[in-house]
Amino acid sequence: MNPAHAAHAVDPAALARLRAHRPEAVAEAAARRVRRPMLGRDGRLLILAADHPARGALGAGRGDRAMADRAGLLARLRLGLSRPGVDGVLASADVLDDLLLLRALEGRAVIGSMNRGGLAGAAFELDDRFTGFRPEDLARSRYDAGKLLLRLDYDDPGSLTTLHTAARAVDAMAALRLPVFVEPFLCRRVGGELRTDLGAAAVTTSLAVASGLGGTSAYTWLKVPVTDDPEDMARVTAATTLPVVLLGGRSVRRAAGTPPTSGGGAPSRCPRCVASSPAAPCSTRPTGTWPPPSTPPPPSSTGRPGTRNPRPARPVARAARPARGR
């Protein structure tokens, strides 16, 4: 075992016993969790994404079962959350419950995944029903935001239902003054395989559609991947004024602007990036800042007791790839 992982090892049997004998321990841990603002004053945000297993997507990197071992996943998440610069985690209820019991969410931003019904590889994969957190669940657990996946296929009439239910979820989150991260994609079937269109035109369209969901966009953030040519991102993100986080991946550093110490090339002109990273590596560092250095820090608001939700950020997007799901 990696020594760093060993220091954050998890005993799954102990967790199972605690769950069996004291299920109320989850709610107790949520009630006493120390919270933080979504964004710090430097405007950076790095979130470890671990909601994939709930959609049956267990692969990460080169391993097609990399997220299948729950103890291993929790150890990597604990390691990642212990690192400076990592702000929080995005996950389904079961993973967040484990992290609560392990006291790994103290002082971290916590985002609950809401619609996990579109199982990876299923005939109904595009039917992203809300099988995860409801807005009231997020509020009861004192979590900081929710995330919903919005995959649309112009040839699939069911996408209209997806669009409608997503809009109502945006409304419900706004009514509770809870931010919601909308992850939009335009998709299509190619030879029976679902593919996402991450060309600049498609991503621009998806951002415009997602921005218009619901009766208010006051609490809506966008969560998008990076285009193959990161220089497209300034043009793509001109479609919205909503705060945007980048999906983790190899292109994030290029799009958000590679820090000088990393040895990367000149930063792309995407000045309002906030980085979001997958859980598996647990080593990615924040690669973008918002606002730009010349801009004063955004004002804080007091949406809910004990929290501040500063006004955010923005950008980003790749080209047609197999839809692995997030």
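The values are calculated or read from the model by the stated rules, or taken from the named source; none is laboratory data. Predicted model, so just to flag it, every value in this text is computed and none were measured. Neighbour counts are summed over all protein chains in view; Cβ atoms, including those assigned to glycine, are modelled from backbone coordinates with ideal geometry. Accessible surface areas use protein heavy atoms only, side chains included; no ligands, DNA or RNA. Shrake-Rupley method; radii C 1.70, N 1.55, O 1.52, S 1.80 Å.
Figures for the structure shown
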item: Surface per residue (accessible, 1.4 Å probe) for segment 95-195, Å²; result: 39
item: Cut-off under 5 Å, modelled amide H: who pairs with residue 44 long-range; result: 290
item: Apportionment of accessible area to carbon and sulfur, segment 98-186, percent (1.4 Å); result: 57
item: Cβ-defined net charge surrounding residue 153, 9 Å radius [Lys, Arg +1; Asp, Glu -1]; result: +1
item: Relative packing of 156-166, 17-27, which averages over residues the other C-beta atoms within 10 Å, highest first; result: 156-166, 17-27
item: Ranked by how many other beta carbons lie within 10 Å on average, peptides 28-35, 221-228 from highest; result: 221-228, 28-35
